[in-house]
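Q: Okay, here's the structure, questions in a sec.
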Amino acid sequence: LAKYPVTQDMYYSITQKSPSYFKGNQNPVESISWYDAIRFCNLLSQREGLEECYSISSNGENVTYNTESNGYRLPTEAEWEYACRAGTTDVMYGESDRIAWYKENSNGETHEVGKKEPNSWGIYDMLGNVWEWCWDIYDEETYGSYRIFRGGGWSDPARGCLALNRRRSHPTFYIEDLGLRLAKSINGI
């Protein structure tokens, strides 16, 4: 899992798009859909000469995941939570104000990544700042294609920024507190 969420600068360098509501080159990219996140992963993989993880249908709605790929991808929900907890069973890896941007300390906006303390594995901003899209479908029987996002955002109270919290939405949904973090398998998984 990447040390930081994808920044606006990184997103722009790959897509030539600047979708974020809050501007700042080192702030996390936000206001992107799950489909945008999938396309970004494939574009970055192409740029680095890696095999794309995702095959996208011609209508852009059906996405399949090649588990043998060596390219960039979204983390699974289980991978995201495991990395957030950093080998512990704790729901937070430190005091809220020291590790996360959330409703009470964010001034109603995103902030530059890596300015709060990381978890014990050196991963920053796992909680707060922006929620992060995951690969997983929420409950296909009930919600159809809704996808999961994790982590809490700048507009959530501290209790909304816990390792166990999860939300879901349609893969076309985007909002100013939802971004992504990259994952990459070593020789596929």
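The values are calculated or read from the model by the stated rules, or taken from the named source; none is laboratory data. Note that the structure is predicted; figures quoted are calculated from it, not measured. With ideal geometry, Cβ positions are generated from the backbone for all residues, glycine too; neighbour counts draw on all protein chains shown. When the accessible area is computed, the model is the full protein with side chains, heavy atoms only, and any ligands, DNA or RNA have been set aside. Shrake-Rupley method; radii C 1.70, N 1.55, O 1.52, S 1.80 Å.
Q: Testing the spin-label approximation: label points 7 Å from Cα along Cα→Cβ at Ser55 and Asp9. State their distance in nm.
A: 3.7
Q: Which GluC sites (Glu not before Pro) in region 104-189 sit in a loop by DSSP (not H, G, I, E or B) and have at most 12 other Cβ atoms within 10 Å of their own Cβ?
A: In loop regions of region 104-189 (DSSP not H, G, I, E or B), the sparsely surrounded GluC sites (Glu not before Pro) are Glu104.
Q: May I pose another question? Pairs Lys23/Lys115; Lys103/Lys184; Lys3/Lys116: which exceed 23 Å Cα-Cα?
A: Lys103/Lys184
Q: At 1.4 Å probe size, with the rest of the protein present, what percent of the exposed accessible area of region 52-189 is carbon and sulfur atoms?
A: Percent of accessible area from carbon and sulfur atoms in region 52-189: 45.
Q: On to the next question. Please give me the summed charge of the neighbours of Leu182: other residues whose Cβ is under 12 Å from its Cβ, Lys and Arg +1, Asp and Glu -1.
A: +1
Q: Describe numerically, in nm with one decimal, the distance between label points set 7 Å from Cα along Cα→Cβ at Asn62 and at Leu164.
A: If labels sit at Asn62 and Leu164, their model points lie 3.8 nm apart.
Q: Give the residue from Phe22, Cys84, Ile148 lying farthest towards the positive end of the charge dipole for the chain; charges sit on Cβ (+1 for Lys and Arg, -1 for Asp and Glu) and the dipole is referred to the Cα centre.
A: Towards the positive end, the residue furthest out is Phe22.
Q: How large is the charge dipole for region 95-189, taken about the Cα centre, if only the Cβ atoms of Lys, Arg (+1) and Asp, Glu (-1) carry charge, to the nearest 20 debye?
A: 180
Q: Hey, another quick one. Taking region 146-189, which trypsin sites (Lys or Arg not before Pro) meet the DSSP loop condition and have no more than 10 other C-beta atoms within 10 Å?
A: Here no loop site has a sparse enough neighbourhood.
Q: Read phi for every residue in region 127-135 and hand back ³J(HN,Hα) as whole Hz from Karplus 6.51 cos²θ - 1.76 cosθ + 1.60, θ = phi - 60°, with x for Gly and Pro.
A: Running phi through 6.51 cos²θ - 1.76 cosθ + 1.60 with θ = phi - 60° gives 10, x, 6, 9, 5, 10, 4, 10, 5 Hz.
Q: Quick one: work out the % antiparallel among DSSP beta bridges in the chain, nearest 5.
A: Expressed as a percentage, antiparallel bridges in the chain total about 85.
Q: With Rg/Rh (Cα atoms, Kirkwood Rh) defined as stated, name the option among (1) 1.13; (2) 0.98; (3) 0.94 computed from the structure displayed.
A: Recomputing Rg/Rh (Cα atoms, Kirkwood Rh) here picks out (3).
Q: Give me the extension gain from Ala78 to Lys17: residue separation times 0.36 nm, minus the current Cα-Cα distance, reported in nm with one decimal.
A: Fully extending the segment from Ala78 to Lys17 adds 19.0 nm.
Q: Would you mind getting the accessible area per residue of the chain, heavy atoms of the protein chains only, 1.4 Å probe, in Å²?
A: Counting only protein heavy atoms, the per-residue value for the chain is 48 Å².
Q: Could you tell me which trypsin sites (Lys or Arg not before Pro) in region 67-127 are loop residues by DSSP with no more than 14 other beta carbons within 10 angstrom of their beta carbon?
A: Loop-located and lightly packed - Lys115.
Q: Another question, then. Could you size up the charge dipole of the chain around its Cα centre, putting +1 on the beta carbon of Lys and Arg and -1 on that of Asp and Glu, and report it in debye to the nearest 20?
A: I would put it at about 260 debye.
Q: Suppose a student asked you for the relative contact order of the chain, using Cα pairs under 8 Å spaced at least 6 residues apart; what percent would you report?
A: 29
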